[in-house]
Amino acid sequence: MPLNVQPTAVINELSYPLPELTSEQTPELGPRHHLNYRQWVSLLSREAQAVASQNPENLTILLGDSLSLWFPSQILPSELNFLNQGISGETSAGLLRRLELLDQTQPSAIFVMVGINDLIRGVKSETILANQRLIIRYLRRVHPQATIILQSILPHSEASVTWEGRERLLSIPNSRIRKINQRSQKIAQTEGAIYLDLYPLFADANGALLTELTTDGLHLSPEGYLIWRNAIRVTYQVVVGK
């Protein structure tokens, strides 16, 4: 029976106030955000091949868009070996098309977060959900040894959004994101994956992204990444048991 990680299990591991970040832990965009999509895919392909040849223990793969891409490696759980396969602007269809790049890797866990860019581009909810289902099915078939974790789409900060695509983002009500997440949870359960509901960890009383956890109402601040880091660590310990 598929396991389901409830947000309360993660919340209990979080502590406030959040610890201060050192200068070494502060996220930097780095050179990757200058690459186009094809260059990104080529780079990630080479990284996946290199990791596959090394076959490290406790390999944990991050799949997704810029939220995953910009995850500061310095604050990821040090007991795990991470392969970050995020691409800025990634959609569910784009992610589905490049899953084969990971075929030769031997991960113990794969964390997937995708969907917000689909919504920004006007993709229908049904298409996003169908792609999520196909992503899980592909990963389960090719990586039967791995635990697949589908993570919820995060909210945006509504009126506080300052991101350059503000109008497009504000056209997506957070209520719609919550409805998609509810259906994503059912897909994860029926497809044998874990569902990690991050939404409550990042939302205020009105369901909007907490301003202290974001830089522009869409992307995460260092404090936001600390929340996510703790959620990944607890989830891994609970569902993988290492």
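The values are calculated or read from the model by the stated rules, or taken from the named source; none is laboratory data. None of the values given here were measured: they were computed from a predicted structure. Here the Cβ positions follow ideal geometry from the backbone for every residue, glycine too, while neighbour counts run over all protein chains shown.
Structure summary
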read-out	value
Residue check for Ser184: of a type in the set (S, T, N, Q) and within 14 Å of His156 (Cβ to Cβ)	no
Per-region count, segment 65-80, residues buried (at least 18 other Cβ atoms within 10 Å of the Cβ) and more than 14 Å from the chain's Cα centre (by Cα)	2
Checking Arg140 against (1) surrounded by fewer than 21 Cβ atoms within 10 Å (Cβ to Cβ); (2) touching a Gly at 6+ places or on another chain (Cβ under 9 Å); (3) within 30 Å of Ala208 (Cα to Cα), the condition it does not meet	(3)
Residue in segment 169-180 that is out of contact with any helix residue (DSSP H, G or I) (no Cβ under 6 Å at 6 or more places or on another chain), in contact (Cβ under 8 Å) with a residue 24 or more places away in the chain and either within 18 Å of Leu62 (Cα to Cα) or assigned to a loop (DSSP other than H, G, I, E, B) (or both) present	no
When residues of segment 156-181 are limited to those that are closer than 19 Å to Thr91 by Cβ and touching a Gly at 6+ places or on another chain (Cβ under 6 Å), the one surrounded by the fewest Cβ atoms within 10 Å (Cβ to Cβ)	Trp163
Count of segment 46-100 residues which are charged (D, E, K, R) and under 29 Å from Ser125 (Cβ atoms)	5
Filter pass, Ser160 being over 30 Å from Asn81 (Cβ atoms) and of a type outside the set (Lys, Arg)	yes
Hits in segment 184-199 - residues which are surrounded by 15 or more Cβ atoms within 10 Å (Cβ to Cβ) and assigned to a helix (DSSP H, G or I)	Ser184, Gln185, Ile187, Ala188, Gln189, Tyr199
Check on Gly115, in contact with a helix residue (DSSP H, G or I) (Cβ under 6 Å, 6 or more places away or on another chain), crowded, with 21+ Cβ neighbours inside 10 Å and on the phi > 0 side of the Ramachandran plot	yes
Scan of segment 34-74 for residues that are free of Cβ contacts under 8 Å to residues at least 24 places away in the same chain and hydrophobic (A, V, I, L, M, F, W, C), ordered by number	Leu35, Leu43, Ala50
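One line per residue, one yes/no per condition, for (1) modelled with pLDDT of 95 or more; (2) closer than 17 Å to Leu119 by Cα; (3) among the charged types (D, E, K, R):
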| residue | (1), (2), (3) |
| --- | --- |
| Asn131 | yes, yes, no |
| Arg140 | yes, no, yes |
| Ile149 | yes, no, no |
| Ser152 | yes, yes, no |
| Ser157 | yes, yes, no |
| Gln182 | yes, yes, no |
| Leu196 | yes, no, no |
| Ala205 | yes, no, no |
| Arg229 | yes, no, yes |
